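J.: A single structure is presented below for examination.
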Amino acid sequence: MTVTNLDEIDRKLLAELQAEGRITNVELAERVGLTAPPCLRRVRALEDAGIIKSYHANVEPNMLGYAITVFAMVSLKSQAEDDLRLFEDHIKELPEVRECHMLNGEIDFILKIVSRDLQTFQEFLTSKLTPAPNVASVKTSLTIRTAKHQPGVPIDI
């Protein structure tokens with residue numbers, strides 16, 4: 001669903017909040033050219049509409065002991081809807097899996113996985129991912145470095 005009834009101020013609000021989620025309402029209002037009360041009403045309306053889904057802290061994985069990030073390409077034995085949901089439900093229970101996207105093409109899912117080290121990842125792979133429901137194969141690629149990590153979407157203002 002695309003929302004087309006957002007005006008320029010709504011888009012500015014979204015851009016500012018996406019860049020700095022902890023900004024105060026007073027500062028946000030100043031940046032977008034509003035006073036505080038209508039700014040807060042607009043933000044609440046964006047939240048109520050489901051456009052703003054959540055606020056969170058962007059933590060540094062290395063500082064918490066997660067030294068590696070791995071992308072796993074998973075192929076399933078069956079693409080029947082019940083089998084897809086069974087796999088997705090299993091993945092939702094694995095905290096190491098930070099993202100799960102269903103793909104079109106040869107690979108059914110791509111997963112972003114964080115782990116403390118290679119041994120821990122290997123244990124995760126062999127005990128939780130490979131034996132998951134309906135898994136036919138898993139191909140993994142270890143991230144060497146990240147050149148860009150920008151959550152959210154581009155917002156035209």
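The values are calculated or read from the model by the stated rules, or taken from the named source; none is laboratory data. Because the structure is predicted, anything quoted here is derived from the model rather than measured. In this analysis, Cβ positions are derived from the backbone assuming ideal geometry, glycine residues included, and neighbour counts consider all displayed protein chains. Heavy atoms of the whole protein, side chains included, go into the accessibility calculation; ligands, DNA and RNA do not. Shrake-Rupley method; radii C 1.70, N 1.55, O 1.52, S 1.80 Å.
J.: When the Cα centres of the stretch 42-108 and the stretch 134-153 are compared, how far apart do they sit, in Å?
T.: Their Cα centres are 11 Å away from one another.
J.: Could I get the Rg over Rh figure for the stretch 45-96? Both from C-alpha atoms, Rh via Kirkwood, rounded to two places. Let's see the in-between values first.
T.: On the way: Rg = 16.5 Å, Rh = 14.8 Å.
Rg/Rh: 1.11.
J.: Of the cross-linked pairs LYS53/LYS92; LYS128/LYS148; LYS77/LYS139; LYS112/LYS148; LYS53/LYS128, which ones have a Cα-Cα span greater than 23 Å in the structure shown?
T.: LYS128/LYS148; LYS53/LYS128
J.: Please give the contour-minus-distance gain from ASP117 to ALA67: 0.36 nm per residue of separation, less the Cα-Cα distance, rounded to one decimal in nm.
T.: Stretched fully, the ASP117-ALA67 segment lengthens by 17.4 nm.
J.: Using a simple spin-label model with points 7 Å from Cα along the Cα→Cβ vector, what separation in nm is obtained for LYS139 and ARG41?
T.: 5.5
J.: Based solely on C-alpha atoms, express the radius of gyration and the Dmax of the chain in angstrom.
T.: Final numbers for Rg and Dmax: 19.9, 56 Å.
J.: Let's test the formula: R0 of 41 Å, r as the Cβ-Cβ distance of LYS128 and ASP156. What FRET efficiency results, to the nearest 0.05?
T.: That pair, LYS128 with ASP156, gives E of 0.50.
J.: Kindly provide the pair-distance distribution of the stretch 86-153 built from C-alpha pairs, with 10 Å bins from 0 and whole-percent values in order of increasing distance.
T.: With 10 Å bins starting at 0, P(r) equals 16, 53, 27, 4.
J.: Let me ask you something else. For the stretch 1-140, what is the accessible area per residue in Å² when the probe is 1.4 Å? Working shown, then result.
T.: Working: 9220 Å² over 140 residues.
Computed with neighbouring chains in place, this is 66 Å² per residue.
J.: Moving on to the next point. What fraction of the Cα pairs in the stretch 1-87, stated in percent, has a spacing above 15 angstrom?
T.: Everything past 15 Å amounts to 70 percent.
J.: THR146 versus HIS56, label points 7 Å from Cα toward the beta carbon: distance in nm?
T.: With each label point 7 Å from Cα toward Cβ, the separation is 1.1 nm.
J.: Skipping prolines and chain starts, which residues have an amide H placed within reach, meaning under 5 Å, of the one on ASP108, given they are 5 or more residues away or on another chain?
T.: Hits under the 5 Å cutoff: VAL74, SER75, LEU76.
J.: Starting at the first residue of the stretch 35-47, write each ³J(HN,Hα) from the Karplus equation 6.51 cos²θ - 1.76 cosθ + 1.60 with θ = phi - 60°, in whole Hz, x for Gly and Pro.
T.: Listing the rounded values in order: 8, 4, x, x, 4, 4, 4, 5, 4, 4, 5, 5, 5 Hz.
J.: With every protein chain left in place and a probe of 1.4 Å, what is the accessible surface of ILE155, to the nearest 10 Å²?
T.: Taking all protein chains as shown, ILE155 has close to 40 Å².
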